[in-house]
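Note sheet for the following structure.
No lab work stands behind these numbers, since they all come straight from the coordinates. What you see is a predicted model, and the numbers here were worked out from it, not measured in a lab. Glycine gets a Cβ as well: all are built from the backbone with ideal geometry, and neighbour counts include every protein chain shown.
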Amino acid sequence: MLKLKDFEEYTATRLTKEERADIKQEAAREAHMLVAVQNFIASSVEEYMTEHKVGFNELVEKLGSSPSHLSKIRKGQANLTIGSFVHLMATLGKSPEDILKLKK
């Protein structure tokens with residue numbers, strides 16, 4: 001396995017400075033988007049639980065999920081499939097418009 005320094009040296013010999021900059025910029029965009037979506041999901045769960053006075057175990061049951069999975073969702077650590085994401089958002093009463101208009 002290549003170490004980071006070795007990888008940077010490897011890419012420096014095969015990619016232009018501009019190509020490496022583009023890759024870093026794209027990676028930063030992806031990381032920003034991931035954090036935004038994870039924060040949206042976590043805040044949506046907390047908002048739902050508060051507004052509907054739903055406890056943790058009750059939400060686990062509603063989702064047909066496990067406690068550990070819901071815990072990861074609440075911490076922004078779950079890796080959800082699109083189907084799981086849609087199921088979660090529908091359970092929380094979110095519309096496609098809510099999902100597609102993430103807060104900046």
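Ignoring aspartates and glutamates fewer than eight residues from residue 62 along the same chain, the ones with Cα atoms less than 20 angstrom from its Cα are 46, 47, 51.
Separation of region 21-36 from region 37-93 is 25 Å, based on Cα centroids. In region 21-61, which trypsin sites (Lys or Arg not before Pro) fall in coil by DSSP and have 12 or fewer other Cβ atoms within 10 Å? Within region 21-61, the qualifying trypsin sites (Lys or Arg not before Pro) (loop, at most 12 other Cβ atoms within 10 Å) are 53. Set the Förster radius R0 to 41 Å, insert the Cβ-Cβ distance between residue 52 and residue 32 as r into 1/(1 + (r/R0)^6), and round the FRET efficiency to 0.05. About 0.85, to the nearest 0.05. Counting beta carbons within 10 Å around each of 32, 69 and listing the fewest first gives the order 32, 69.
Each stretch of four or more DSSP H residues adds -39500 (n - 2.57); spread over every residue of the chain, this sum gives -24000 deg cm²/dmol at 222 nm.
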